[in-house]
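Below is one structure; the comments refer to it alone.
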């Protein structure tokens with residue numbers, strides 16, 4: 001009876017692990033799809049950031065010559081930090097992939 005109880009507990013713990021992994025995989029898959037759908041936005045933002053238009057927009061915005069709107073994109077730090085964070089995440093993903101592929 002003790003052995004059966006131990007087996008049931010072992011199976012249940014591993015079932016929890018499986019459920020957790022499947023949930024993580026589903027969330028990751030959705031996040032990757034969403035991120036991929038923003039690829040064009042990222043390319044366009046990178047092209048805009050630091051361009052002549054960006055500098056002109058930033059200057060006019062800071063001089064209050066255009067209406068105040070949400071303009072985080074004109075903050076040097078916001079876009080720069082996002083791009084840096086993205087680079088770090090890519091490196092982390094590479095490490096994760098390498099760790100998984102080493103089995």
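Only the coordinates and a few stated rules stand behind these numbers; no lab work does. Note that the structure is a prediction, hence the values are computed from the model and not measured. All Cβ positions, glycine included, derive from the backbone under ideal geometry; neighbour counts span all protein chains shown.
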Once R0 is set to 25 Å, what does the formula 1/(1 + (r/R0)^6) return for the Cβ-Cβ distance between residue 38 and residue 18, expressed as a FRET efficiency to the nearest 0.05?
0.20
If you line up the long axis of helix 76-101 against the longest principal axis of the chain, both from Cα atoms, how many degrees apart are they, to the nearest 10?
30 degrees
Angle check, please: helix 52-62 long axis (alpha carbons) against the longest principal axis of the chain (alpha carbons), in degrees 0 to 90, nearest 10.
80 degrees
Angle between the chain longest axis and helix 39-48 axis [Cα atoms, degrees, rounded to 10]
30 degrees
For the chain, what does the helix formula give at 222 nm: sum of -39500 (n - 2.57) over DSSP H segments with n ≥ 4, over the residue count, nearest 500 deg cm²/dmol?
-28000 deg cm²/dmol
Simple spin-label model, 7 Å along Cα-to-Cβ: residue 100 to residue 60 in nm?
4.6 nm
Using R₀ = 25 Å, calculate the FRET efficiency as 1/(1 + (r/R₀)^6) where r is the Cβ-Cβ separation of residue 48 and residue 84; round to 0.05.
0.90
Can you compute the equivalent ellipsoid semi-axes for the chain, i.e. the square root of 5 times each eigenvalue of the Cα gyration tensor, sorted largest first and rounded to whole Å?
49, 15, 11
